[in-house]
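*Asks:* One structure, as structure tokens, below. Some questions next.
The values are calculated or read from the model by the stated rules, or taken from the named source; none is laboratory data. Bear in mind that the values here come from a model prediction, so they are computed numbers and not experimental data. Every residue, glycine among them, receives a Cβ derived from its backbone with ideal geometry; neighbour counts consider all protein chains shown. For the accessible areas, the whole protein counts, side chains as well, though only heavy atoms, and no ligand, DNA or RNA atoms are used. Shrake-Rupley method; radii C 1.70, N 1.55, O 1.52, S 1.80 Å.
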Amino acid sequence: MEYKRKNVWLNIDQGKIDELESLSTDYMDFMNKSKTERLAVKEIVRRAEEAGFRNIDEVIAEGKLEAGDKVYAINRQKAVALFVIGSEDFEAGMSIVGSHLDSPRLDLKTVPLYESKDIAYLKTHYYGGIKKYHWINIPLALHGVIYNKGGEKIEVSIGEEADEPVFFISELLVHLSKDLNQKKAAEVIEGEQLNIMVGSIPLEDEKDNPVKKNILNILKEKYNIEEEDFLTAEFEVVPADKARLVGLDSSMIMAYGHDDKVCAYTSLRAILESENPKKTLVGLFVDKEEIGSVGATGMSSQFFENTVIELMNLRGGVDLVSFKRAMKNSKVLSADVTLAEDPNFLEATEENNTAKLGHGVCLTKYTGSRGKGGSNDADAEFLQEVRLAFDKGEAIWQTGELGKIDQGGGGTIAYILAEYGMQVVDCGTPVISMHAPLELVSKADVYETYRAYKSFYENI
Ligand code: MN
Ligand code: MN
């Protein structure tokens, strides 16, 4: 009669443990290849093509779309949608699992390179919700796309391989921190101090900015780029660390960007394994969630609608009524991480209503802050449907909300899809140290997230 969360480790048999281990290993490989949204899109498309998915442009050129067909559409290299076409009409609604590929990080400013006291730096502007002091004294990698004047596109990745240099942001030594130690944590390092060190060798016989000029020479030699090319470039600075197992029992995984690539990966696995569904299945992987889902590649853009309209057009025609019905009848798991209870910081959470590490995927009825503000509040009817789907697929799940009332809060892409009249609920993996450069998840929860998304695709 009494409800108790289930510990995944005590509730799965040996056969599933093997599956859990191989999924974890593959997840870590995915994470190491997907540090930025552009890299994640490449890896998702590579895996999708391997599983028989075809580019929507090809399918449009052919002019036909049939039940069972697998299609992907890319939005400006930073977001992607996967579709497995169902035997039922689009009007019956789609089963959608939507995650995001962007994670908090440091972006380069447009005029980033400067020299101070014989050291060269790149200036950054942080992206998403970070604690700035997290980003000092750790190895950083640089990823980006830059065009030179000749129009050549150069893709840069420095710091991921063991034989490559990394980058560094400094902090004041403890011996001289008497004044600094009095500051609030949020002020210890300011945004304008998040400058990454890139060099210290001066160019010989050069009076002005000799170190900067030496760096410019290296950039010209190695990448055929000049300082002005940075004005139109896009560079992201991320932790250089690889995903690692954590603990004597190796039960956890530490990595950069679990939020939200853990949900992206698990939903990707689930849709890649889906064949001949009744309803059309959608795996949606969007950008810009961390800064409000805005812009051409965020969930608020019309990319998803445009793609659905193209596909409906190929599948027998589309008009306003059929499109609106297809959207309204769709059901969505807004696949985003939630917090896992941290025994070191119990003061921020309420124990009955916080997801626990290792106790399965978390269903979050509502998010928001100050009285559920900004939340999509899923209804009991849909929650019951999702519950039955998960139970049928034997996924281990729990519920949770984002911390104690009035301690803060957060949002996801749920409310944006809900605006079409879709039924939406948040559902994702519990994370410890969310938004830190390295975040922590339980292997058991990664596995159960995958099983939950698979159950949703199979049973909704
Ligand atoms: Mn997220
Ligand atoms: Mn986030």
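*Asks:* How much FRET efficiency would the formula 1/(1 + (r/R0)^6) give for LEU172 and SER200, where r is the Cβ-Cβ distance and R0 is 30 Å, rounded to 0.05?
*Replies:* Numbers: r = 19 Å, r/R0 = 0.62.
Calculated value: 0.95.
*Asks:* While we're here: Based on alpha-carbon centroids, what's the gap between the stretch 311-327 and the stretch 239-276 in Å, whole number please?
*Replies:* 35 Å
*Asks:* A follow-up question, please. Net charge near GLU347: determine it from the other residues with C-beta under 15 Å of the C-beta of GLU347, scoring Lys and Arg +1 and Asp and Glu -1. It would help to have the intermediate numbers written out before the result.
*Replies:* On the way: positive: LYS404; negative: GLU341, ASP342, GLU350, GLU351, ASP406.
Counting the neighbours of GLU347, the net charge comes to -4.
*Asks:* Taking the Cα centre of the chain as origin and charging only Cβ (+1 Lys, Arg; -1 Asp, Glu), how large is the dipole, in debye to the nearest 20?
*Replies:* 580 debye
*Asks:* Nearest 10 degrees, 0 to 90: what angle lies between the long axis of helix 303-314 and the longest principal axis of the chain (Cα atoms)?
*Replies:* Here the helix axis deviates by roughly 40 degrees.
*Asks:* Note down the accessible area of TYR3, probe 1.4 Å, to the nearest 10 Å².
*Replies:* 150 Å²
*Asks:* If you don't mind, another one. Determine, for each peptide in 120-133, 88-101, the mean count of other beta carbons within 10 angstrom over its residues, then list the peptides with the highest first. Kindly include the intermediate steps, with their values, before the conclusion.
*Replies:* Values: 120-133: 18.1, 88-101: 23.6.
Highest to lowest by the protection proxy: 88-101, 120-133.
*Asks:* Now for a different question. Given Cβ point charges of +1 (Lys, Arg) and -1 (Asp, Glu) and nothing else, what value in debye, to the nearest 20, does the dipole of the stretch 384-460 about its Cα centre take? Please report the intermediate quantities before stating the final value.
*Replies:* Numbers: 6 positive and 11 negative charges, 33 e Å.
With only Lys, Arg, Asp and Glu charged at Cβ, the dipole is about 160 debye.
*Asks:* What is the packing order of peptides 260-270, 320-330, taking the mean over residues of other C-beta atoms within 10 Å and listing the highest first?
*Replies:* Details: 260-270: 27.5, 320-330: 16.5.
Output ranking for 260-270, 320-330: 260-270, 320-330.
*Asks:* Listed highest first by mean packing, meaning other Cβ atoms within 10 Å per residue, what order do 38-50, 245-257 come in? Mind dumping the intermediate values first?
*Replies:* Details: 38-50: 18.8, 245-257: 17.2.
Per-residue Cβ counts within 10 Å, averaged per peptide and sorted highest first, yield 38-50, 245-257.
*Asks:* Would you be so kind as to identify which of CYS263, SER455, THR367 lies farthest towards the positive end of the dipole of the chain, taking Lys and Arg as +1 and Asp and Glu as -1 on Cβ and the Cα centre as origin?
*Replies:* Comparing the listed Cα positions along the dipole, THR367 ranks first.
*Asks:* By how many degrees, between 0 and 90 and to the nearest 10, does the Cα long axis of helix 380-392 differ from the longest principal axis of the chain?
*Replies:* Approximately 90 degrees, to the nearest 10.
*Asks:* Got a sec? Charge dipole of the stretch 228-337, +1 on Cβ for Lys and Arg, -1 for Asp and Glu; which of PRO239, LEU333, VAL286 is way out at the positive end?
*Replies:* It is LEU333.
*Asks:* Would you pull out the residues with amide H under 5 Å of THR338's amide H, same chain only if 5 or more places away, H placed 1.01 Å from N?
*Replies:* Here the answer is THR429, VAL431, since their amide H atoms fall under 5 Å of that of THR338.
*Asks:* How large is the charge dipole for the stretch 35-111, taken about the Cα centre, if only the Cβ atoms of Lys, Arg (+1) and Asp, Glu (-1) carry charge, to the nearest 20 debye?
*Replies:* Numbers: 12 positive and 14 negative charges, 139 e Å.
That gives a dipole near 660 debye.
*Asks:* Around GLU115, under 11 Å between beta carbons, what's the net of Lys plus Arg minus Asp minus Glu among the other residues? Mind dumping the intermediate values first?
*Replies:* On the way: positive: LYS117, LYS212, LYS213; negative: ASP118, GLU206, ASP208.
In short, 0.
*Asks:* Answer with one residue from SER157, PRO112, HIS134: the one whose Cα lies farthest towards the positive end of the charge dipole of the stretch 107-159, charges on Cβ with Lys, Arg +1 and Asp, Glu -1.
*Replies:* HIS134
*Asks:* How much length is gained on full extension from ASP118 to ASP57, taking 0.36 nm per residue of separation minus their Cα-Cα distance?
*Replies:* Going from the current span to full extension adds 16.8 nm.
*Asks:* Take every Cα-Cα distance within the stretch 303-460, group them into 10 Å bins from 0 onward, and report for each bin the whole-number percent of pairs it holds.
*Replies:* 11, 35, 33, 15, 5, 1
*Asks:* Considering only protein heavy atoms, what per residue accessible area in square angstrom results for the chain with a 1.4 angstrom probe? Provide the component values of the computation, followed by the final result.
*Replies:* On the way: 21380 Å² over 460 residues.
Here the per-residue accessible area is 46 Å².
*Asks:* Using the Kirkwood radius built from alpha carbon pairs, what does the Stokes-Einstein equation give as D for the chain at 37 °C and 0.692 mPa s, in µm² per second? Spell out each step's value before the answer.
*Replies:* Details: Rh = 23.4 Å.
Rounded, D is 140 µm²/s.
*Asks:* Distance between the C-alpha centers of the stretch 347-411 and the stretch 29-69? Whole Å please.
*Replies:* That distance is 31 Å.
*Asks:* I've got another one for you. With everything on Cα atoms, drop me the angle between helix 210-223 and the longest principal axis of the chain, reported from 0 to 90° to the nearest 10.
*Replies:* That works out to roughly 50 degrees.
*Asks:* Ranked by accessible surface with a 1.4 Å probe, highest first, in what order do TRP397, TRP135, TRP9 come?
*Replies:* Numbers: TRP397 65, TRP135 0, TRP9 90 Å².
Result of the area sort, largest leading: TRP9, TRP397, TRP135.
*Asks:* Another question, if that's okay. Give me the extension gain from LEU245 to ASP29: residue separation times 0.36 nm, minus the current Cα-Cα distance, reported in nm with one decimal.
*Replies:* On the way: separation 216, 0.36 × 216 = 77.76 nm, distance 1.20 nm.
Going from the current span to full extension adds 76.6 nm.
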